[in-house]
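Structure first, commentary second.
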Amino acid sequence: LRPSDRAEFASLLHAGTGWCRCSLIGSGSREFDVRLSLSTTSPENGAQLNLIVTDLTELQAANNGREHAEHESRAKDKFLTLLAHELRTPLGAISSSAQALERTNVGGERATLHEIIARQVRHVSRLVDDLLDVERMVAGKIQLDRRPLELAAAVRPAVAIFGGDRSPELRLAVSTEPLWINADASRLQQILTNVVGNAIKYTPSSGRINVTVGADGDDAVIVVEDNGLGISPKLLPFIFDLY
């Protein structure tokens, strides 16, 4: 028995009947939870204690699996709500720009409206692609196309995508050094798009964002640093959870 459970087991023995949950220490000091059910019978030659030991490992695994499934279901519902909210903003911009195009024939203004529509369509496409990628990832169908890649050459174009999506007062600086890695270029761009996009979204128009690429021993490190809202410490343990 685990030392902390010995007093409760002693009380069960003293009572002669009842049950308790405790942990047994098996081979290799591995602990596993059990239910101990005790009863007393009186055969002809005296009292007899009957102890039934039920291993709860499979039951706990089933309960944990159910709780995990319920958590994922709640997370998916929350994600779909968030997705609907995120899609509403670019779709609203697309709709407004399309209506404005119907009312104007001015070349310069039409070009501006056309760029708004194109940019927001790209944003919606990224959201839909992210949703499809999540479903493929859950199904285990994601395959990485690893190839030699110069990291700086991949980072700068990914950051440049946001040239028209930020306030002119927001400073976005990129500092790189030549680094070769073996990676999936499209997935790397997807990561950078998400991280830099969040930095722009949650940094005030007068703020700054620095993207740095450098080596740390044998690792290539990309740092995205901003002076925006940041992430609540309470959320940090969960930022890599599904959805």
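Taking θ = phi - 60°, what integer Hz values does the Karplus form 6.51 cos²θ - 1.76 cosθ + 1.60 yield along segment 39-55, in sequence order, with x for Gly and Pro?
Calculated HN-Hα couplings, in order: 9, 10, 10, 10, x, 4, 9, x, 6, 9, 8, 10, 10, 10, 10, 10, 6 Hz.
Considering only protein heavy atoms, what is the solvent-accessible area of T54 at a probe of 1.4 Å, reported in Å² to the nearest 10?
60
Residues of the chain: accessible area per residue at 1.4 Å, in Å²? Each step should come with its number before you reach the end.
Values: 16570 Å² over 243 residues.
Averaged over the residues of the chain, the accessible area is 68 Å².
Using 1/(1 + (r/R0)^6) with R0 = 30 angstrom and r between the beta carbons of R30 and E72, what's the FRET efficiency to the nearest 0.05? Working shown, then result.
Numbers: r = 28 Å, r/R0 = 0.95.
Given R0 = 30 Å and the Cβ-Cβ separation, E is 0.60.
Let me cross-check K78: its accessible surface, 1.4 Å probe, with only protein heavy atoms counted, in Å² to the nearest 10?
Ignoring ligands and nucleic acids, K78 comes out at about 150 Å².
Starting with the highest mean, order 1-7, 93-99 by the number of other Cβ atoms within 10 Å, averaged over the residues of each peptide. Please report the intermediate quantities before stating the final value.
Numbers: 1-7: 11.9, 93-99: 14.9.
The densest-packed peptide leads the list: 93-99, 1-7.
Treating the beta-carbon of each Lys and Arg as +1 and of each Asp and Glu as -1, no other charges, what is the dipole magnitude of segment 51-113 about its Cα centre, to the nearest 20 debye? Walk me through the numbers before you get to the answer.
On the way: 7 positive and 9 negative charges, 93 e Å.
Magnitude of the dipole: close to 440 debye.
Extension gain S205-R122, at 0.36 nm per residue separation less the Cα-Cα distance, in nm? Present the calculation step by step, with values, prior to reporting the outcome.
Details: separation 83, 0.36 × 83 = 29.88 nm, distance 2.20 nm.
Here the segment from S205 to R122 would lengthen by 27.7 nm.
Roll a 1.4 angstrom probe over the protein heavy atoms and tell me the percent of accessible area of segment 1-61 that is carbon or sulfur. Working shown, then result.
Values: 2290 of 4300 Å².
Its accessible area is 53 percent carbon and sulfur atoms.
Provide the FRET efficiency to the nearest 0.05 for the I239-T40 pair, computing r from the beta carbons and using R0 = 45 Å.
Working: r = 55 Å, r/R0 = 1.22.
Working from the Cβ atoms, E equals 0.25.
Considering amide H positions built from the backbone, and no H for Pro or chain starts, which residues 5 or more places from V174, or on another chain, come under 5 Å of its amide H?
V211
Note down the accessible area of V195, probe 1.4 Å, to the nearest 10 Å².
So the heavy atoms of V195 present about 70 Å² to solvent.
Scan around G228 for amide H atoms under 5 Å from its own, H built in the peptide plane at 1.01 Å from N, and keep only partners 5 or more places away or cross-chain.
Correct list: empty.
Do the sum for the chain: with -39,500 (n - 2.57) for every DSSP H run of n ≥ 4, divided by all residues, what is the mean residue ellipticity at 222 nm, to the nearest 500 deg cm²/dmol?
Details: 5 runs with 116 residues, N = 243.
That comes out to -17000 deg cm²/dmol.
Given H placed on each backbone N at 1.01 Å, which residues far from D184 in sequence or on other chains put an amide H within less than 5 Å of it?
Correct list: R147.
What list of ³J(HN,Hα) couplings, whole Hz, do you get for segment 3-12 from phi and the Karplus terms 6.51, -1.76, 1.60, once you set θ to phi - 60° and write x for glycine and proline?
x, 5, 9, 5, 5, 5, 5, 5, 5, 5
The values are calculated or read from the model by the stated rules, or taken from the named source; none is laboratory data. Just so it is clear, the model here is predicted, and its values are computed rather than measured. No Cβ is skipped: glycine too gets one built from the backbone with ideal geometry, and neighbour counts run over all protein chains shown. Each accessible area value is taken on the protein alone, full model and side chains, heavy atoms only, with ligands, DNA and RNA left out. Shrake-Rupley method; radii C 1.70, N 1.55, O 1.52, S 1.80 Å.
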